[in-house]
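Encoded as C-alpha cells, the structure appears first; notes follow it.
Since every read-out is calculated from the coordinates, none of them should be taken as a lab result. The model shown is predicted, which means the values in this text are computed figures rather than measured ones. For neighbour counting, all protein chains shown are included, and Cβ atoms are generated from backbone atoms with ideal geometry for every residue, glycine included.
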Amino acid sequence: MNVGTQRIGRVWISSIAGIGLLLCLSATLAFGEVASPTIEGPVSGGAGHPSIAALAFDLATVGYVQEEFFIGGTASAYTNVEPLTSDGKWTVTPGATAPYKTRIVVYRPATQRRFNGTVIVEWLNVSAGLDAAPDWLSAHVQMIRDGYAWVGVSAQIVGVEGGTAILGMPAPGIKNIDPARYGSLSHPGDSFSYDIFSQAGEAIRHPSGPPPLGDLQVERVIAMGESQSAFRLVTYVDGIDPLVQVYDGFLIHSRSAGGGQLSEAPQPVITLPRPTLIRDDVRVPVLTLQTESDVTILGYAADRQPDSQHFRLWEVAGTAHADSYTLIVGATDLGRSPSAAHLILSAHPIVGFNCGVPVNSGQLHFVLNAAVVALNRWVKYGVPPASAPRIETTGTPALVTRDAYGNALGGIRTPALDAPIATLSGLGGTGSSFCFLFGSTMVLDGATRNALYPSRAAYVSAVSRAAARAVRSGFLLTRDARLIRAGAVTEPLLEQ
C-alpha cells in the first residue's frame, strides 16, 4: 500500500459526477489509513550487528536468521474526539504529522518449512534506557520451537535518540551507541509512536521495499509488549486499533493501571483515565498476562475486568514483573537444560542492579510460552484460551492473600508454587533501580522442606503432579512440564 492510500475495510466511498455513491459490500465499519513506509535493508555497517538487549547466542545455531531494516516516512500523532473514558471505548483521530526514520530487528526461520505463518511484533521496551526485547527474551524458546518469526520495533524516541528514561535513568539511544550504523535515524517523539508501530506492521504485511520476512509467507501478525510497552499497547488497542486494523491479536504483558499517554509534549498532552479497561467490543483477541507485582505495585487490581469474547486475563501467582529468568538465565537458554526450571538465589542478577534480596524465580516464562501458543491458536482457529482464576487479594490498594508458606492464593499456579520449597513473591524486592519490581525468593527452612518432602523422590512426585495439573488447565505446555520435572530431579535448593 502506498503512502496516502486509504484502506476502508470492505466499504469503499467514491463519487460519481459529484454525487456521493456508497458501495456497501458488507457491514464492516470504515477504518483509517495506514501508510506503507519505505524500507531499507538488510542494514549493515557500524558494529556489524543490531544494538538490542536480547539473546547472547548465535541464532544460526537454532536455524534462524537475524536481520535489521530501516523504515521511514510520515507518521501521525492522535487526538481524542471526545473525553477518554475508563471503558476504553474511545474515538480518536489523526493529528499532527512528522517525518520519521526508525529501525526494526527481524529474527526469522531460515526456511519457509520451519515458519508457522505467525509474526510476533514486539514493541521494544525502553524503561531501562535502551532498546530491550523482554518478551522475546522470555518466550524465545517456544517461538523457536514452533517456528514463529519475531520483529522488534524501535517505536519510542528514547530508544533511538536517547535522553532520560523512566526513573531518571540515562538513555544513550542507538544513534549514540552506534552512530555509524544508526546516524540517519530520526524520531519525532512518542506522540507518533502509535502510528510508527502501525506502519511497522504494515511493512511486514505489505512491504513497499525489501521484504523484512524475505520469502516467508505471512499469515498472521500479533502485537506484543511488556511493561512500559504494554502500557502503550493498552492505548493502542483502545484508541488506534479500531482505526487501523493492522494486527490480528495482542499479548499485553505486565501492564499497569491506566496506560500510556495518547499524546505528549510538544504535542497536546493527553493522559488516560484510571482505571483503563480493554474495550469490551475489542475487534481481535487480547490476552493480558499479569504478575503479582503488576496487580499490586503497579495498581492493576483496579483495572481487572471479566473475560469476554475477545479478552482473557491471566494472573500468575508467585511471579514478579521481572525475575531470575529474564535477568540471569534467559539470554543463553536454548530450551534444553532443566536448569531453566531451577530456583535461583541471587540478589545481583545483572551488572547495574544491586538488589537487597534474591530476585523472584517464579517460572513465569513457562506460562508466557503457553500464552503465546494459546493466543496464536485463538487468532488462527478462533479457539479462546482457558479462563484463569484471579490472584486472591483484599482491600484497596490490593493486598495479596497468602498461604502458610507465604505464597499467593488463587491465580494461575506454577509447579514452583504448588510444590513449594520457597516463598515466591512479586513483592519484597529491595535495592537499587528497578529491584522493587523484581520480587523475592526466600527458601523455606530445612524442617519445613523435610516435612513436605521426606525424600527427593517425594519432591519430584509433587512437582510432577503440579505440572500435570497446570497442563490440564491450559497454562503449561507438555514439553515445559517435562523440563520442569527434570529440573526437580536436580533442584539444588532442595538440599540447602
In deg cm²/dmol, rounded to 500, what helix-only [θ] at 222 nm does the chain give when every DSSP H run of at least 4 residues adds -39500 (n - 2.57) and the total is split over its residues?
-> -6500 deg cm²/dmol
In sequence order, what are the phi-derived ³J(HN,Hα) couplings for segment 210-224 according to the Karplus relation 6.51 cos²θ - 1.76 cosθ + 1.60 with θ = phi - 60°, rounded to whole Hz, with x for glycine and proline?
-> x, x, x, 9, x, 9, 5, 8, 7, 10, 9, 10, 10, 8, 8
Residue by residue through segment 229-235, the couplings from Karplus 6.51 cos²θ - 1.76 cosθ + 1.60 with θ = phi - 60°, in Hz, x for Gly and Pro, are 5, 5, 4, 6, 5, 4, 4
Relative contact order (%) - segment 136-239, alpha-carbon pairs under 8 angstrom, separation at least six = 17 percent
Can you spot the lysines whose alpha carbon is less than 30 Å from Lys101's alpha carbon? Ignore those fewer than 8 places along the same chain.
-> Lys175
So how do 66-72, 237-243, 401-407, 365-371 stack up, highest first, on mean other-Cβ count within 10 Å?
-> 365-371, 237-243, 66-72, 401-407
The set of residues whose placed amide H lies less than 5 Å from the amide H of Tyr78, leaving out same-chain residues fewer than 5 positions away, is Gly95
In degrees, nearest 10, range 0 to 90: what is the angle between the Cα axis of helix 364-381 and the longest Cα principal axis of the chain?
-> 40 degrees
Taking Cα atoms only, helix 456-473 is inclined relative to the longest principal axis of the chain by an angle, in degrees rounded to 10, of 30 degrees
For segment 55-65, Karplus couplings with θ = phi - 60° (6.51, -1.76, 1.60), whole Hz, Gly/Pro x = 9, 10, 9, 6, 5, 4, 5, 10, x, 10, 10
Rank-order 173-179, 124-130 by packing density, defined as the average count of other C-beta atoms within 10 Å over each peptide's residues, highest first.
-> 124-130, 173-179
If the chain between Ser44 and Ser473 were fully stretched, how many nm would it gain, using 0.36 nm times the residue separation less the Cα-Cα distance?
-> 149.9 nm
For the chain the mean separation of alpha carbon contacts under 8 Å (6+ apart) over residue count, i.e. relative contact order in percent, is 12 percent
Counting sequence-distant residues (5 or more places) and residues on other chains, those with an amide H built under 5 Å from that of Gly183 are none
Relative to the longest principal Cα axis of the chain, at what angle does helix 134-146 sit, 0 to 90 degrees, rounded to 10?
-> 90 degrees
Cβ-derived FRET efficiency at R0 41 Å, Ser346 paired with Ser86, nearest 0.05 | 0.55
So, counting K/R as plus one and D/E as minus one, what does the shell of residues with Cβ under 12 Å around Gly335 add up to?
-> +1
What percentage of all Cα-Cα pairs in segment 53-171 are separated by more than 16 Å?
-> 69 percent
Can you pull the percent of Cα pairs in the chain with separation above 32 Å?
-> 40 percent
What is the order of Trp136, Trp378, fewest Cβ neighbours within 10 Å to most?
-> Trp378, Trp136
Starting from the amide H of Val92, placed 1.01 Å from N in the peptide plane, find each other amide H under 5 Å away whose residue is 5 or more places distant or on another chain.
-> Val81
